[in-house]
Amino acid sequence: MRNPTLATAVLLTFMLAAAQAGTPATPAAMAAYAEKLLDEQKLGRDGPGLTVLVARGDQLLYEAARGLASIELGVAMKPDMLLRIGSVTKQFAAATLLKLIDEGKAKLDDPLSKYLPDYPNAGQITLLQLLNHTSGVKSYTGISGYMNGPIRRDLDTQSLIKEFKDQPVDFAPGQAWAYNNSGYVLLGAVIETISGKTWHQQLNDALLAPNKLSAGVRYQAPDQLFKGMVQGYTLNDKREVAPAGLLSMTQPHAAGALIANVESLWRWNQVLHGGKLLSAASYQRMITPEGPAQPRNYGFGISTASLRGEPVLTHGGGIHGFVSTLNYLTKSQVTVAIIRNSDSSGPNLDLLWRKLAAFAVGEPYVEPKAVAVPLEQLKAAEGLYALDDKQTRTLRLKDGQLMSQRSGSSAFALIPLGGDRFALPDSIAELRLERDAGGKVVALRVLNTGEGEGDRWPRRGDAPAESAALTPAQSK
């Protein structure tokens, strides 16, 4: 009798090999690979889970759900359910304002005072600076103690603005970059002033409804029920799964108050990046970092990145009970959307979307395999390396393995790949040693995505005395 387990394993191996040939993945191969990845993340079927979608252009390659939408009721997660998307909301708000600009109702260089004349220093803050986090306004989510109680109250737009308007600024408008939720609250207020509607009603009327997205992208109004809405979870002090902290969704506002399902995020990517929402000029400004936002690769509610040499437009979200990521590869038109209903430690969504996207375009990441490296070569890599005055990394040989320990983190063993290259476990990142003409190691390159030149960390000296072990939960 045929062994079904063996047959499945053979089929998966065949599919993976086919994808590695450089051709875009088929739906069957994509599903096999995605299920393998999710299995590796050890996502339980009886706890918080996630929804995930991978598509290429108009073709759906994979859509699935894991875990429970309600642990208390034992309700399984389904792909079409609604989850909070947090800061992925920002690109929806940004597009709403840009649509008004396309209609001639505002300009990017308009001062905030034109719309909110009573806001402090509003004459020096432009709409552009609100969009790309260069306004210097204090982010209310960073006010000490704010997230531990005040965030629970229902507030209208003006009341929410009062919570941060008199806070000291972080810097003068346009002089630096700092991720800023208050800026998008102000952006929402501008939309409301121009349109005479709430920011989310204008979003719906101008962008969502005309593109049949109203059912799958919603504002989570506190006085409404939403069919298929997923419960959010966290971990309590005993590291047990618990309900997410209380939050009035009036407060994330245009910075993070939307809920959505993964299919609607895919459809949003298609219309936004397919030129169906905005003028070519406005869209180009949206996806092009400029000024102090350029080194941070941040446009308007969208960050820029690359994967396998292809430009990526991306943004993540984190909010009480949920984390999310929405990604679009501009050449292959691949979308990867993932939303998880827990804000605690768990699956690495950044790693997941990158692996899924690379597989979809036919250039999957190969699992690193250790090769034998002479101990003297590993010994030569020992030392203290620094990216700047605050970020250091120590390499130390221990029990025949080269260990890496970043400042504030626990040590872990690197995977030698040969040729002064090392992989990080459970990651796509690499470390590469840089030697001078005499062969001495003078720096290391940290390639967070395994590609490009990476960041250069010069060697500062010998490895310091080994510190006490830190908790495994600390980041690498």
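Remarks
- Scanning region 49-59 for residues that are touching a residue at least 60 places away in the same chain (Cβ under 8 Å), assigned to a strand (DSSP E or B) and surrounded by fewer than 22 Cβ atoms within 10 Å (Cβ to Cβ) yields a single hit, R56.
- Hey, I302 in contact with a strand residue (DSSP E or B) (Cβ under 7 Å, 6 or more places away or on another chain) and more than 30 Å from G452 (Cα to Cα) or not: no
- Selection count where residues are crowded, with 22+ Cβ neighbours inside 10 Å, assigned to a loop (DSSP other than H, G, I, E, B) and basic (K, R), scope region 63-122: 0
- Just one of the listed residues (L130, L112) is within 17 Å of F300 (Cβ to Cβ), in contact (Cβ under 8 Å) with a residue 24 or more places away in the chain and more than 27 Å from the chain's Cα centre (by Cα), and it is L112.
- Applying the criterion of at least 3 residues that are of a type in the set (S, T, N, Q) to the strands (runs of 3 or more DSSP E) found wholly in region 336-425 leaves 401-406.
- Looking at region 167-259, none of the strands (runs of 3 or more DSSP E) lying wholly inside it contains 2 or more residues that are surrounded by 15 or more Cβ atoms within 10 Å (Cβ to Cβ) and either of a type in the set (D, E, K, R) or not assigned by TED's automatic domain parsing to the domain that holds D102 (or both).
- If you filter region 398-409 down to residues that are in contact with a Leu (Cβ under 9 Å, 6 or more places away or on another chain) and closer than 15 Å to A370 by Cβ, you find that the one that is surrounded by the fewest Cβ atoms within 10 Å (Cβ to Cβ) is G400.
- Filter result (β-branched (V, I, T) and either within 16 Å of G174 (Cα to Cα) or in contact (Cβ under 8 Å) with a residue 40 or more places away in the chain (or both)) within region 289-304: I302
The values are calculated or read from the model by the stated rules, or taken from the named source; none is laboratory data. Quantities reported herein were computed from a predicted structural model and do not represent experimental measurements. Positions of Cβ are generated from backbone atoms using ideal geometry, with glycine treated the same way; all protein chains shown enter the neighbour counts.
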